[in-house]
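Enquirer: Can you keep this structure in mind? I'll have questions shortly.
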Amino acid sequence: MAGTLAEKVWQDHVVRKGADGVPDLLYIDLHLVHEVTSPQAFEGLRLAGRTVRRPDLTLATEDHNTPTLDIDLPIADLTSRTQIDTLRANAKEFGIRLHSLGDADQGIVHQVGPQLGLTMPGLTVVCGDSHTSTHGAFGALAFGIGTSEVEHVLATQTLPLAPFRTMAITVDGELPPGATSKDIILAIIAKIGTGGGQGYVLEYRGEAIRKLSMEARMTICNMSIEAGARAGMIAPDQTTFDYLKGRPHAPEGADWDAAVEYWRTLRSDDDATFDAEVVLKAADLEPFITWGTNPGQGLPLSANVPVPEEIGDDNERTTAERAIEYMGLVPGTPLRDIHVDTVFIGSCTNGRIEDLRSVAKVVKGRKKADDVRVLVVPASARVRLQAEAEGLDRIFLDFGAEWRNAGCSMCLGMNPDQLKPGERAASTSNRNFEGRQGKGGRTHLVSPLVAAATAIRGTLSSLADLDLGEETDLTTFDGTPLAPLDPRLQVQV
Amino acid sequence: MEKFTTHTGVGVPLRRSNVDTDQIIPAVYLKRVTRTGFEDALFAAWRGDPSFVLNQEAYGSGSVLVAGPDFGTGSSREHAVWALKDYGFKAVLAPRFADIFRGNSGKQGLLAAQVAQEDIELIWKILESEPGTEVTVDLEARTVICGDVVASFQIDDYTRWRLMEGLDDIGLTLEHEGEISAFETGRQPWRPKTLPAKHLPTVEIEAARPVV
């Protein structure tokens, strides 16, 4: 029977078929753990006298609540320190591999899995973090879970899961220069809404998606959750295999060949049917930014702040009014005239080496706007090392940016990297909710290129607003795959 | 988990859509390692506003939250459910819930009842014109009663059964331990294992310092 990519991966993991409303029990290939959503799960195991069934399918990192400065000193915030210490104690007690702050493999869990070669096509991947959808870029079925489910997976390596529906999102054609995968996903969310993906696994396909690098694909799948989706997936292809080959945990020899043979079958059959379909033309896309307080409130940068009176739907109008008030904006203002205080470049959405390279390319030899604070936070310690090996850190520092250690940082503002009340940020992260980056903080979600241009001008800007000069080669900004993080790179220290 | 059949308590009208989990509980409260004691964190940013619904005396003892569509979007933090429960909420009514939030609620015995938008509007009107009005949620009959409004709600059969029986998911799954073991024996060798750990050469990471 014809099936979609998501259905195929699901079928390969059914331990026990459900019936009469009882969900299927699915096997979990890879369980990623971090300090914030796991302490209560481990405590639950202890109280019930249970153990971790498969420590060898579990990996923990410290990322959400770690500082990005002075990482060799004791963590100043005592509650944060306790949380980190709790993860360390739990990992030790239950025999789980942990990459701690200061370790070269520490970083945001959704970067660490792929860079170690643990994330592969055809897996089921879960983590107590909604951005687990990132791993879907490899053709894995990957989704965020709550703490009770974390405990369930620790104890059983399975999850009972309600059936999903499938949505094909086709992005045809080629992206224009200056537009990136971030603009694709922001445009998709603006089109289908923050609830548009509810109950669905999204599959991104089409020419524009095929042409994207693995890292750019991760950016898209990462934000599937912002459309309310259960997961987002992209069928694996040569780009995927090239990214994986040679990574520490990638299969080798005959196992690699067997894996690739199977991975090539992981695509939606030509006659498979989706429950819903959405089509976008890549050529129509331009740099996108959010103006409001949910990721669906986005517009092309050339647009103006919406005028609520012009919105017909009562609910949407009220939501827009509230968002505009919180964001401190004036309806009708050109988005390009909005001044920002902070530019944040990082997160599991856009903190990878290609993101840092594209930012470095734009800001090289320039100075940031005087009154703007610029934070560059690599997604992982390895990304930081690679950036330093390429000299990107010097470019950022000369530009006037701060070059930090790896972690989630200002994406969610659990650590000291926060916006102050009323402060406005252009952020390459994934959520612009009220107070997300600090109480009273105001967030505009942008691509790394828009972040770079904004840091130079001080107002929301794209490359088109810069006098880039003839020596800047724009072809690398059009979504063409750049070299992936090379696991064999000999880092010069 | 406590069994849930029916509950009657003061209804709280929360006239907002897209209430994300960062609003339900801001990230700064996620540093705790306990599963209880989050009542102070619920809607922390909004509770600073004296006009916020939970700061009005009539709603202070509320236990049935009546919200707009797309409640619980965003982060997977189960802390959002713990905060609602710790505050005293037993049920949340909304026209649409985010998937992860709904799942987390079901695991923790908080009823997430999907009620049509028209019925939510009617209930809001009653709760706002007569603050302190009680709402009855009957899980067995899948109905909500508020004043003269009687509305049905949706919840999947499995979650309803588990809530009514007060069942622990892990215990249910472990009844099938034999099937899990059988599945594991067929796992292909190329599928990854995190142990023994493989990685690139260890390199010392330099600590970034504050800009002075």
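Enquirer: If you scan region B:1-27, which residues turn out to be hydrophobic (A, V, I, L, M, F, W, C), surrounded by fewer than 21 Cβ atoms within 10 Å (Cβ to Cβ) and closer than 30 Å to A:Arg46 by Cβ?
Expert: Across region B:1-27, the qualifying residues are B:Met1, B:Phe4.
Enquirer: Here's something else I'd like to know. Mind listing whichever residues of region A:253-305 are of a type in the set (Gly, Ala, Ser) and either exposed (fewer than 15 other Cβ atoms within 10 Å of the Cβ) or assigned to a strand (DSSP E or B) (or both)?
Expert: Within region A:253-305, A:Gly253, A:Ala254, A:Ala258, A:Ala276, A:Ala283, A:Gly298, A:Ser302 meet the criteria.
Enquirer: Tell me which residues, restricted to region B:162-212, are under 30 Å from A:Pro114 (Cβ atoms), outside any loop (DSSP other than H, G, I, E, B) and within 8 Å of another protein chain (Cβ to nearest Cβ). Walk me through it before giving the result.
Expert: So in region B:162-212, the residues under 30 Å from A:Pro114 (Cβ atoms) come out as B:169-170, B:173, B:180-181, B:183-209.
Next cut, outside any loop (DSSP other than H, G, I, E, B) only: B:169-170, B:173, B:180-181, B:183-185.
B:Asp169, B:Ile170, B:Thr173, B:Ile180, B:Phe183, B:Glu184, listed by residue number.
Enquirer: Going by the structure shown, is B:Gly60 under 16 Å from the mean Cα position of the chain (by Cα) and of a type outside the set (A, V, I, L, M, F, W, C)? It would help to see each step written out before you state the result.
Expert: On the way: under 16 Å from the mean Cα position of the chain (by Cα): no; of a type outside the set (A, V, I, L, M, F, W, C): yes.
No: the conditions fail for B:Gly60.
Enquirer: For A:Asp242, are the conditions met, namely being within 23 Å of A:Arg352 (Cβ to Cβ), touching an Asp or Glu at 6+ places or on another chain (Cβ under 8 Å) and assigned to a helix (DSSP H, G or I)?
Expert: For A:Asp242, the condition - within 23 Å of A:Arg352 (Cβ to Cβ), touching an Asp or Glu at 6+ places or on another chain (Cβ under 8 Å) and assigned to a helix (DSSP H, G or I) - is not met.
So that you can scan it fast, the table gives a plain yes or no per residue for (1) of a type in the set (Ser, Thr, Tyr); (2) free of Cβ contacts under 8 Å to residues at least 24 places away in the same chain; (3) within 17 Å of B:Val66 (Cβ to Cβ):
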position: B:Glu2; (1), (2), (3): no, no, no
position: B:His7; (1), (2), (3): no, no, yes
position: B:Pro13; (1), (2), (3): no, no, yes
position: B:Ser17; (1), (2), (3): yes, no, yes
position: B:Asp20; (1), (2), (3): no, no, no
position: B:Lys31; (1), (2), (3): no, yes, no
position: B:Ala45; (1), (2), (3): no, yes, no
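Enquirer: Of the numbered conditions (1) buried (at least 24 other Cβ atoms within 10 Å of the Cβ); (2) in contact (Cβ under 8 Å) with a residue 60 or more places away in the chain; (3) within 7 Å of chain B (Cβ to nearest Cβ), A:Thr132 fails exactly one; give the number of that condition.
Expert: Failing condition for A:Thr132: (3).
Enquirer: Here's something else I'd like to know. I need the full set of residues from region B:96-111 which are surrounded by 23 or more Cβ atoms within 10 Å (Cβ to Cβ), touching a residue at least 12 places away in the same chain (Cβ under 8 Å) and among the small types (Gly, Ala, Ser), in order please.
Expert: B:Ala98, B:Ser105, B:Gly106
Enquirer: Take the residues in region A:158-184 that are within 14 Å of chain B (Cβ to nearest Cβ) and crowded, with 24+ Cβ neighbours inside 10 Å; name whichever of them is nearest to the chain's Cα centre (by Cα).
Expert: Out of the qualifying residues, it is A:Met167.
Enquirer: If you scan region A:369-418, which residues turn out to be at the interface with chain B (Cβ under 10 Å from one of its Cβ atoms) and among the basic types (Lys, Arg)?
Expert: A:Arg373, A:Arg382, A:Arg384, A:Arg404
Enquirer: In addition: Are any of the residues in region A:60-75 touching a Lys or Arg at 6+ places or on another chain (Cβ under 6 Å), facing chain B (nearest Cβ under 10 Å), outside any loop (DSSP other than H, G, I, E, B) and without any contact (Cβ under 8 Å) to a residue 60 or more places away in the chain?
Expert: Within region A:60-75, not a single residue is touching a Lys or Arg at 6+ places or on another chain (Cβ under 6 Å), facing chain B (nearest Cβ under 10 Å), outside any loop (DSSP other than H, G, I, E, B) and without any contact (Cβ under 8 Å) to a residue 60 or more places away in the chain.
Enquirer: Does at least one position in region B:152-159 carry a residue that is more than 8 Å from every other protein chain (Cβ to nearest Cβ), over 22 Å from A:Gly146 (Cα atoms), touching a strand residue (DSSP E or B) at 6+ places or on another chain (Cβ under 6 Å) and exposed (fewer than 15 other Cβ atoms within 10 Å of the Cβ)?
Expert: Scanning region B:152-159, I find at least one residue that is more than 8 Å from every other protein chain (Cβ to nearest Cβ), over 22 Å from A:Gly146 (Cα atoms), touching a strand residue (DSSP E or B) at 6+ places or on another chain (Cβ under 6 Å) and exposed (fewer than 15 other Cβ atoms within 10 Å of the Cβ), so the answer is yes.
Enquirer: Related question: In this structure, is A:Gly346 in contact (Cβ under 8 Å) with a residue 24 or more places away in the chain and buried (at least 17 other Cβ atoms within 10 Å of the Cβ)?
Expert: Numbers: in contact (Cβ under 8 Å) with a residue 24 or more places away in the chain: yes; buried (at least 17 other Cβ atoms within 10 Å of the Cβ): yes.
So A:Gly346 passes the test.
Yes or no, residue by residue, for (1) more than 17 Å from the chain's Cα centre (by Cα); (2) among the basic types (Lys, Arg):
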position: A:Thr349; (1), (2): no, no
position: A:Arg352; (1), (2): no, yes
position: A:Val362; (1), (2): yes, no
position: A:Arg366; (1), (2): yes, yes
position: A:Glu390; (1), (2): yes, no
position: A:Leu412; (1), (2): no, no
position: A:Asn415; (1), (2): yes, no
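Enquirer: Then there's this: Out of the residues in region A:389-446 that are among the aliphatic types (A, V, I, L, M) and in contact with a Gly (Cβ under 9 Å, 6 or more places away or on another chain), which is farthest from B:Val212 (Cα to Cα)? Outline the logic, then answer.
Expert: Let us first name the residues in region A:389-446 that are among the aliphatic types (A, V, I, L, M), namely A:389, A:392, A:395, A:397, A:401, A:406, A:410, A:412, A:414, A:419, A:425-426, A:445-446.
Restricting the remaining residues to those that are in contact with a Gly (Cβ under 9 Å, 6 or more places away or on another chain) gives A:395, A:406, A:410, A:419, A:425, A:445.
Values: A:Ile395: 19, A:Ala406: 20, A:Met410: 20, A:Leu419: 19, A:Ala425: 22, A:Leu445: 28 Å.
Looking at residues that are among the aliphatic types (A, V, I, L, M) and in contact with a Gly (Cβ under 9 Å, 6 or more places away or on another chain), I get A:Leu445.
Enquirer: Sticking with this structure for a sec: Could you check how many residues of region B:49-95 are in a helix (DSSP H, G or I), in contact with a Pro (Cβ under 9 Å, 6 or more places away or on another chain) and touching a residue at least 12 places away in the same chain (Cβ under 8 Å)?
Expert: 3
Enquirer: Anything in region A:135-157 that is more than 8 Å from chain B (Cβ to nearest Cβ) and on the phi > 0 side of the Ramachandran plot? List them, or say none.
Expert: A:Gly139
Enquirer: Could you grab me the full set of residues in region A:12-38 that are outside any loop (DSSP other than H, G, I, E, B), over 19 Å from A:Thr134 (Cβ atoms) and at the interface with chain B (Cβ under 9 Å from one of its Cβ atoms)?
Expert: Correct list: A:Val14, A:Val15, A:Arg16, A:Leu25, A:Tyr27.
Enquirer: Among the residues that make up region B:6-22, is at least one of them farther than 30 Å from A:His64 by Cβ, basic (Lys, Arg) and within 13 Å of chain A (Cβ to nearest Cβ)?
Expert: Yes - at least one qualifying residue is present in region B:6-22.
FYI, it's all coordinate maths here, none of it is from the lab. Keep in mind the model is a prediction, meaning the values are calculated, not measured. Glycine also receives a Cβ, built like all others from the backbone with ideal geometry; neighbour counts cover every protein chain displayed.
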